[in-house]
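This report concerns only the one structure given below.
The numbers here are math on the coordinates, done by the rules we state, and not lab data. These numbers were taken from a predicted model, which means no experiment stands behind them. Note: ideal-geometry Cβ built from the backbone for every residue, glycine included; neighbour counts use all protein chains shown.
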Amino acid sequence: MKLLEGKVAVITGAARGIGKAIALKFASEGADIAFTDLAIDENGKATEQEIAALGVRAKGYASNAANFEEAHSVVAEIVKDFGRIDILVNNAGITRDGLMMRMTEQQWDMVINVNLKSAFNFIHAVTPIMMKQKGGSIINMASVVGVSGNAGQCNYSASKAGMIGLAKSIAKELGSRGVRANAIAPGFIITDMTAALSDEVKAEWAKQIPLRRGGTPEDVANVATFLASDLSSYVTGQVIHCCGGMNM
Ligand SMILES: NC(=O)c1ccc[n+]([C@@H]2O[C@H](COP(=O)([O-])OP(=O)(O)OC[C@H]3O[C@@H](n4cnc5c(N)ncnc54)[C@H](O)[C@@H]3O)[C@@H](O)[C@H]2O)c1
């Protein structure tokens, strides 16, 4: 029996990167996959096909996770298509870095809305569904900088600290209904999000990592699979760092 057999997972922002790796890993463990992204273009369609090739149902939905109404309507559509939702991964995220002195209101609002409000939107939409099913696993994608802070990322760090507080509060609110909520705090993971960093910055990061390498999206997907599955049936309200020891 595969770890996620019979379960339906919703993953936001999963056309590429960490979200895509999570979708593929969940599918390889038997879960049906509904994923969202801003657009389901050629790339998103290819992701949908890669997931379906693992023998599960897969569908990509174009939806802006930061928009309350869109999140609610896409969740309703997913329930219509898949019948249930057992796992929610709030993964959609962006950076708009800058020092506080130069940060614009727009940079602040965009990052808070896409990284944090999106999770509120989706958790708000799936809560009645998971309560009715008397079970579910919610996973918020945080970051090590949500715990440690980072110069030049006050908006991003605040959004990720928010993801941790949100997961812990949901764990307390919904634990008696069998719904678990946890956060993953990845460190330096090699994706499009980090590709833009200079070689000097990457080398500086690597020095701070005891395992001496950047993480892969698959490293994060393995932790997500543990949290999504019944292997973590007594784990809720926790933050699992997936960072090669960068944060302890
Ligand atoms: N890469 C890292 O080092 C790292 C470290 C810690 C945390 N994270 C977090 O992991 C998550 C995934 O990061 P990644 O590295 O795969 O990034 P990525 O940029 O490669 O992928 C992010 C995906 O989210 C989608 N997206 C952006 N805004 C959206 C919106 N409003 N609605 C729906 N989808 C949207 C993008 O289109 C993209 O497909 C993010 O929350 C990020 O903050 C990443």
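Return the sequence-ordered ³J(HN,Hα) values of the stretch 55-60 in whole Hz as given by the Karplus equation 6.51 cos²θ - 1.76 cosθ + 1.60 applied to θ = phi - 60°, using x for Gly and Pro.
Calculated HN-Hα couplings, in order: x, 10, 6, 9, 8, x Hz.
Can you tell me how much longer the chain between R213 and A196 gets when fully stretched, taken as 0.36 nm per residue apart minus their C-alpha distance, in nm with one decimal?
4.4 nm is the gain from fully extending R213 to A196.
What distance in nm separates the two pseudo spin-label positions at D230 and A62, each 7 Å out from Cα along the beta-carbon direction?
4.0 nm
Using a 10 Å cut-off around each Cβ, can you sort S233, S157 from fewest to most neighbouring Cβ atoms?
With the fewest neighbours first, S233, S157 line up as S233, S157.
So if R0 is 51 Å, what FRET efficiency would Q49 and M100 give, r being the distance between their Cβ atoms, rounded to the nearest 0.05?
0.75
Where the only charges are on Cβ atoms (+1 Lys, Arg; -1 Asp, Glu), what is the dipole of the chain about its Cα centre, to the nearest 20 debye?
It works out to roughly 700 debye.
Using the charge dipole of the stretch 8-241 (Lys, Arg: +1 at Cβ; Asp, Glu: -1 at Cβ; taken about the Cα centre), state which of T225, Y61, A34 has its Cα farthest towards the positive end.
Towards the positive end, the residue furthest out is T225.
Using +1 at the C-beta of Lys and Arg and -1 at the C-beta of Asp and Glu, which of L197, G93, L166 has the Cα lying farthest in the positive direction of the dipole of the chain?
The one lying farthest along the dipole's positive direction is L166.
Quick one: compute the contact order of the chain, relative version, from alpha carbon pairs under 8 angstrom and 6+ residues apart, as a percent.
19 percent
Non-local amide H neighbours of L88 (under 5 Å, H modeled in plane, Pro and chain starts lacking H): which ones?
V10, S137, I138, I139
Testing the spin-label approximation: label points 7 Å from Cα along Cα→Cβ at Q133 and E5. State their distance in nm.
1.8 nm
Please give the Cα centre distance for the stretch 1-51 versus the stretch 107-135, rounded to the nearest Å.
About 18 Å separates the Cα centre of the stretch 1-51 from the one of the stretch 107-135.
Among 159-165, 217-223, 170-176, how do they line up by average Cβ neighbours within 10 Å per residue, starting with the highest?
Order by mean packing, descending: 159-165, 217-223, 170-176.
Please list 234-244, 14-24 highest first by mean number of surrounding beta-carbon atoms within 10 Å per residue.
Taking the mean over residues of other Cβ atoms within 10 Å, the ranking is 14-24, 234-244.
Please label the shape of the chain as rounded, prolate or oblate, based on the square roots a ≥ b ≥ c of the eigenvalues of the alpha-carbon gyration tensor (a/c under 1.5 means rounded; beyond that, a/b larger than b/c means prolate, else oblate).
rounded
Among A15, C154, I139, which residue has its Cα furthest toward the positive end of the charge dipole of the chain, with +1 on Lys/Arg Cβ and -1 on Asp/Glu Cβ?
I139
For the stretch 60-158, which GluC sites (Glu not before Pro) are in a loop by DSSP, counting at most 13 other Cβ atoms within 10 Å?
In loop regions of the stretch 60-158 (DSSP not H, G, I, E or B), there are no sparsely surrounded GluC sites (Glu not before Pro).
Mind listing which trypsin sites (Lys or Arg not before Pro) in the stretch 45-152 are in a DSSP loop and have 10 or fewer other Cβ atoms within 10 Å?
When the trypsin sites (Lys or Arg not before Pro) of the stretch 45-152 are filtered for loop state and at most 10 Cβ neighbours within 10 Å, K134 remain.
What residues have an amide H closer than 5 Å to that of I189, excluding those fewer than 5 places away on the same chain, when H is modeled at 1.01 Å from N in the peptide plane?
Correct list: G215.
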